[in-house]
Structure formats: structure tokens, C-alpha cells
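Here is the structure we will look at, set down as C-alpha cells.
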Amino acid sequence: MVNWQIPEGITGDEKLLRFRPSIAVAHKRSCPLRLALKVRPDLVRDRPLYRDRPDYNMGPFHNVLDHMELDRKPENLALSHGLQSGKSVHPALARWTEHAVRQYQTSVKDLAHLEPVSRDWVRRLDSPHGGIPLVHEETVTGRRFEKDGVRELRILRMGSVERRARNEVEIALAAAVLAEGRPALSKLWKKGPATLGRLERPHQVRVIEIGCLDATANVLFEDNPEAAIDKYHREAEGLLGAVAAGSERRPGNDCAECPLIDMCPAVPSREGLLGISDASKPLRAWSLTTTRQHRKCGPIPYFYDLKLPPDRSAERSPEVERGVAVHKWIEAKHLRSPRQACRADDVPDLTREERFADDALQAKLGMRMIGDHSLVCPLREAGREAEVHSEHQVVVYDPAAHVVVIAKVDLLYLTAGVWRLRETKTSRYPFEGDLLKGFPQVALAIVLSAEGVLGGGNVGCRVELERLTANGPVLTEFDVHDPEVVAEARMVVRLEAAGWHADTARATKAGKECQTCAFTRWCPDAKVRSGS
């Protein structure tokens with residue numbers, strides 16, 4: 001039974017629930033309250049919120065396929081019309097779209113010939129939640145086809161589906177819509193329940209996923225409608241009820257997309273956190289990773305927002321691989337139960353891992369760093385019953401900059417009644433310069449501590465930097481109560497965020513950075529890597 005109340009700051013009709021299969025993927029990582037709002041399309045904010053609405057990455061792709069499948073236009077004409085209709089398309093997204101259309105065509109050429117369907121399919125279940133007068137609708141996103149009693153949905157993925165894990169709830173919901181969905185006679189973006197046509201019940205339904213990166217495909221479901229509905233009751237029904245009833249506020253990476261961000265009690269609001277006084281730009285999310293990407297090339301954060309398929313191998317140097325391996329091992333050991341400190345003899349053999357096949361030196365250095373970590377492991381002092389949060393995420397809203405700040409710290413732990421934050425960095429040689437400028441994660445941690453949003457509240461959280469080097473471990477603690485240290489940390493954070501915050505042009509700067517860019521394949525301005 002759904003017992004849900006409209007949160008303060010939101011208005012509209014909460015009686016319409018509309019679910020899509022993508023909700024099954026999002027529920028594992030998203031805020032429950034935000035998802036509950038998302039499935040109620042007739043709810044809006046009392047007052048507008050100036051937000052950066054990301055472009056729909058599959059929008060141009062669907063435009064092109066509409067021209068090809070519904071209007072029977074040839075591919076070249078469909079690409080020209082589809083990429084020029086409506087909102088301008090970023091050149092990188094246009095290049096991916098052209099590639100995706102051709103991969104899609106390759107993937108579907110051997111499928112049974114069915115007729116494309118232009119109207120949405122909507123399955124309606126009136127008052128399915130304990131007698132409460134709700135309108136429960138379910139629909140699908142993808143390419144729809146039918147003929148001679150067969151319905152088919154092609155779910156489109158931007159990357160490959162060769163090793164993609166199945167999501168049974170997603171599949172069950174999609175199959176049920178194909179089994180009992182009626183054609184929508186009204187547009188689904190309009191307020192209120194959809195106007196539906198007559199159901200022509202199929203005798204077979206098929207759900208396929210297609211990887212638009214490499215023409216891979218998987219048949220996810222193929223059976224009769226009865227089997228589809230049975231799977232829905234087994235796999236999806238309970239989760240949809242839980243999503244509709246979601247009320248927990250759980251801050252995370254999608255907070256910048258939430259209509260409640262500036263009034264959410266679970267997200268601290270700290271005026272001036274970034275040291276930027278300019279709320280004229282749309283609401284965006286920022287992290288130190290955002291700045292690192294932006295400094296490399298202006299549109300890279302946008303490419304990640306678009307979810308363009310990246311070439312990870314371009315970014316993963318042997319040094320980066322070694323750092324990742326060290327962090328992952330230490331993180332796993334800190335999460336052990338019962339809690340125990342890391343030991344010098346508990347070290348993996350990285351030389352056996354494929355990623356270090358051509359660089360045994362980095363593997364051996366990583367093993368030495370893991371062993372050295374045991375000498376300064378924070379759990380040596382914390383004890384087995386200590387409160388420990390590994391890879392802890394902090395989300396703060398800065399109204400002065402109109403930015404959601406997202407920070408992930410390596411370790412937050414409580415020992416002897418004192419909260420401590422530990423950042424661990426790996427480098428072959430010790431860094432000899434200004435530590436706050438050299439490790440802006442530490443500067444941000446000091447600012448967050450000063451703002452009282454870490455463990456310890458206004459008392460503050462002690463900040464530690466652990467450096468694992470070829471010469472041994474170095475542990476440094478920063479005085480978060482020293483005004484000069486805090487002032488320098490604030491300056492570093494402001495400089496880290498200012499360039500990104502001011503830039504809305506997303507201009508590329510082709511050059512040597514293209515050699516290690518994950519999006520060279522899609523960027524028309526990129527200088528192509530040798531050998532690619």
C-alpha cells in the first residue's frame with residue numbers, strides 16, 4: 001500500500017504514477033524520495049529552480065530513426081534531418097549518433113521484419129495499491145514494432161551489451177507493457193493520465209537490447225503475454241510499490257537533478273563554500289574530478305554527462321592503474337568485518353594481473369605501497385568497534401554559487417571520540433611543494449571540516465594525508481582550527497572551481513591532451529592518437 005505525502009515545496013496532483021523500465025536501474029543508486037517524485041509526472045515545484053537540464057543523449061538518435069523507420073527516408077537524408085531538427089546538437093553527440101545509427105542498422109538487419117509503431121504503449125492498472133485511488137501507468141522507451149500478433153521492443157544502450165548484466169525488473173516491466181499496453185492517443189508529456197486506444201493483445205512479445213557502440217544484441221525476453229505478466233508479478237510488482245512509497249532522502253550524485261535540492265534537510269546548505277558569488281548560472285554539480293576534466297578540455301565534463309562511451313584505456317596509464325589497484329585493495333581491507341588493521345604480510349600479487357603484464361615495475365611498486373600502508377593504517381588506533389566509512393560521499397549545496405558540491409573521501413573514521421578524515425595518495429616520488437595546492441582533495445576536506453559538514457559538526461574533523469611512495473609512507477595531519485590553514489584551503493578550492501564555474505562555452509582545445517582523452521573518437525576537433 002502506498003502511503004506517501006507530497007513534500008514541502010512541491011505542488012500538483014500526486015495521484016498519477018507513471019513507471020518506465022529505467023526506474024529499475026535507477027532505484028539501486030538514487031534517492032528514494034527523488035524517484036517517488038520522478039514517477040509522479042504531475043508534481044512540480046512551488047517556485048521555479050534554475051537548473052542545467054542535460055541534453056537527452058538519445059534524442060537525436062531517435063529523431064534519425066523516426067525519419068528512417070516511420071518516414072522511410074534513406075539513411076543520409078534521415079541523418080541530415082534528424083540532426084538539424086529542434087535543439088542544436090553538440091558535434092560530439094552528432095558524431096556518436098551517426099555511428100550509433102549505422103551500428104543499429106547492422107544489428108537489426110537479420111531480425112524478423114515487423115512494422116514500426118509511432119505511438120507509445122501504455123499499460124494502465126487503476127488503483128493497484130491497496131484501494132487508494134491512484135492511476136498507475138507503465139510505458140517503455142525504445143523502438144517499438146509489431147506485426148501479425150508479435151510485439152517487439154528494442155532497448156537501446158549507448159555502449160556495448162556484450163557483457164552487460166541483466167536487470168530482471170527492467171525486463172519484466174518492459175515485457176508486461178508489451179503484453180498489455182494500449183496505444184497512447186495523447187502525448188505523455190501532457191498533464192494527467194494518458195488517453196488510450198483499444199488493446200490488441202499480442203500472442204508473442206519480445207524484448208531485445210542493442211549496443212549502439214558495436215552492434216551487439218541480446219534477446220532479453222521472448223514468450224507469450226501470460227509469461228510476461230507472470231514475470232512481472234514475480235520480479236517487478238513489489239519494487240514499483242516501494243518506489244512509489246519512497247520517502248527517504250539519500251544525498252548522492254543526482255542531487256543536482258532534484259527539484260528539492262535547495263530545501264532538502266539531508267543536504268547541508270553552506271553559503272560561499274566555493275568562494276564564488278555568482279548564482280546567475282543554472283544549477284550544476286561540481287567535484288574535483290569535474291575540475292580535472294575541465295582543465296584538460298572544456299567539454300569533457302559535458303561528454304560524461306551525456307554518457308558518451310569513453311575509451312578508458314586512453315586514461316589508464318601504468319601509474320594510474322597502480323594507484324587504482326592500491327586504493328581498491330586498501331578499501332576492501334578497511335571494509336572487513338570484524339574490523340582489523342592492515343598487515344604488512346597481507347599483500348596481493350599484482351604481478352599476476354593482466355593490466356600489469358607489460359609493467360612489472362609498477363606492480364611491484366604497488367605491492368610495496370600496500371605493505372607500507374600497514375605502518376600508518378588508521379585502523380591500528382581505531383579498534384575493532386570503531387565507526388568507519390570507506391569511500392564516504394559528502395554532498396553540500398552552495399547557494400552563492402548555485403552549485404551542488406560532491407566530495408568522496410577515502411576514509412572517515414571515529415577514534416577516541418574524534419572524527420578523522422584520511423586521504424591516501426600514491427606517487428613514486430614524494431611531492432615537495434605546497435601540499436594543499438598539490439592535493440586539492442585535502443584543501444576541500446579542510447573547508448568541509450570548517451563548514452561543519454563532516455563528522456564532528458562544528459567541532460571539526462581532523463584531516464590527514466597519507467602519501468605512499470617508493471621511499472616509504474608519509475603521514476601529515478593538518479590543523480583544521482588554524483585560520484591561516486583554513487584560509488589557504490579556501491583559496492585553493494575557489495581556484496579549483498572558478499574556471500569551470502565561469503565557462504559555459506565548452507570550447508575544445510585540441511592538442512597533446514587528446515592523446516589521453518577518453519572521447520577522442522567522438523570529438524571532431526581532436527588530434528587523433530597515433531596508431532588509433
Can you pull out the residues in the range 193-221 that are under 30 Å from E14 (Cα atoms), among the hydrophobic types (A, V, I, L, M, F, W, C) and touching a residue at least 60 places away in the same chain (Cβ under 8 Å)?
A194, L196
Of the conditions (1) without any contact (Cβ under 8 Å) to a residue 40 or more places away in the chain; (2) part of a loop (DSSP other than H, G, I, E, B); (3) surrounded by 16 or more Cβ atoms within 10 Å (Cβ to Cβ), the single one that N63 does not satisfy is (2)
Can you tell me how many residues in the range 416-438 are at pLDDT 95 or above, in a strand (DSSP E or B) and of a type in the set (A, V, I, L, M, F, W, C)?
1
Going by the conditions given, is E432 in contact (Cβ under 8 Å) with a residue 60 or more places away in the chain, acidic (D, E) and open to solvent by 50 Å² or more (accessible area, probe 1.4 Å)?
no
Run E496 past the list (1) free of Cβ contacts under 8 Å to residues at least 40 places away in the same chain; (2) in contact with a Ser or Thr (Cβ under 6 Å, 6 or more places away or on another chain) and report the number of the one that doesn't hold.
(1)
For the range 160-174, indicate whether the set of residues that are open to solvent by less than 30 Å² (accessible area, probe 1.4 Å), modelled with pLDDT of 95 or more and of a type in the set (S, T, Y) is non-empty.
no
So the strands (runs of 3 or more DSSP E) completely within the range 1-47 holding 2 or more residues that are farther than 22 Å from M263 by Cα and out of contact with any helix residue (DSSP H, G or I) (no Cβ under 8 Å at 6 or more places or on another chain) are 16-19
Would you check if R143 is among the charged types (D, E, K, R), surrounded by 15 or more Cβ atoms within 10 Å (Cβ to Cβ) and either touching a residue at least 40 places away in the same chain (Cβ under 8 Å) or within 30 Å of K15 (Cα to Cα) (or both)?
yes
Of the criteria (1) under 29 Å from K281 (Cβ atoms); (2) open to solvent by less than 70 Å² (accessible area, probe 1.4 Å); (3) not hydrophobic (A, V, I, L, M, F, W, C), which one G82 fails:
(1)
Looking at the range 447-459, which of its residues are within 28 Å of the chain's Cα centre (by Cα) and either among the acidic types (D, E) or over 15 Å from V395 (Cα atoms) (or both)?
E451
Mind checking which pairs have a first residue in the range 502-529 that is open to solvent by less than 80 Å² (accessible area, probe 1.4 Å) and a second that is of a type in the set (S, T, Y) and not in a loop (DSSP other than H, G, I, E, B), Cβ under 9 Å, 6 or more apart or different chains?
A518/Y304; A518/S313; F519/Y304; R529/T516
Please determine whether any residue of the range 278-288 is touching a strand residue (DSSP E or B) at 6+ places or on another chain (Cβ under 8 Å), part of a helix (DSSP H, G or I), buried (at least 17 other Cβ atoms within 10 Å of the Cβ) and at pLDDT 95 or above.
yes
Selection count, the range 460-482, where residues are more than 33 Å from the chain's Cα centre (by Cα) and part of a strand (DSSP E or B):
3
Looking for something polar (S, T, N, Q), in a strand (DSSP E or B) and either in contact with a strand residue (DSSP E or B) (Cβ under 7 Å, 6 or more places away or on another chain) or open to solvent by 50 Å² or more (accessible area, probe 1.4 Å) (or both) - is there at least one such residue anywhere in the range 267-274?
yes
Within the range 246-256, track down each residue that is over 19 Å from the mean Cα position of the chain (by Cα) and either among the aromatic types (F, W, Y) or farther than 19 Å from V25 by Cβ (or both).
S247
So, in the range 95-126, exactly how many residues are surrounded by fewer than 19 Cβ atoms within 10 Å (Cβ to Cβ), assigned to a loop (DSSP other than H, G, I, E, B) and modelled with pLDDT of 95 or more?
4
S88 being surrounded by 17 or more Cβ atoms within 10 Å (Cβ to Cβ), part of a loop (DSSP other than H, G, I, E, B) and polar (S, T, N, Q):
no
Would you please name the residue that is nearest to D230 (Cα to Cα), looking only at residues in the range 153-174 that are out of contact with any helix residue (DSSP H, G or I) (no Cβ under 7 Å at 6 or more places or on another chain) and of a type in the set (G, A, S)?
A174
When only residues in the range 194-240 that are open to solvent by less than 20 Å² (accessible area, probe 1.4 Å) and within 24 Å of the chain's Cα centre (by Cα) count, which is farthest from P21 (Cα to Cα)?
C212
Options R29, R47, R51: the member that is closer than 30 Å to Q84 by Cα and either modelled with pLDDT under 95 or touching a Phe, Trp or Tyr at 6+ places or on another chain (Cβ under 7 Å) (or both)
R51
Among the helices (runs of 4 or more DSSP H) contained in the range 307-415, which hold 2 or more residues that are modelled with pLDDT of 90 or more and surrounded by 18 or more Cβ atoms within 10 Å (Cβ to Cβ)?
318-334, 360-376
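The values are calculated or read from the model by the stated rules, or taken from the named source; none is laboratory data. Model, not experiment: these values are computed from the prediction. Glycine also receives a Cβ, built like all others from the backbone with ideal geometry; neighbour counts cover every protein chain displayed. All accessible areas refer to the heavy atoms of the entire protein, side chains included, with ligands and DNA or RNA removed. Shrake-Rupley method; radii C 1.70, N 1.55, O 1.52, S 1.80 Å.
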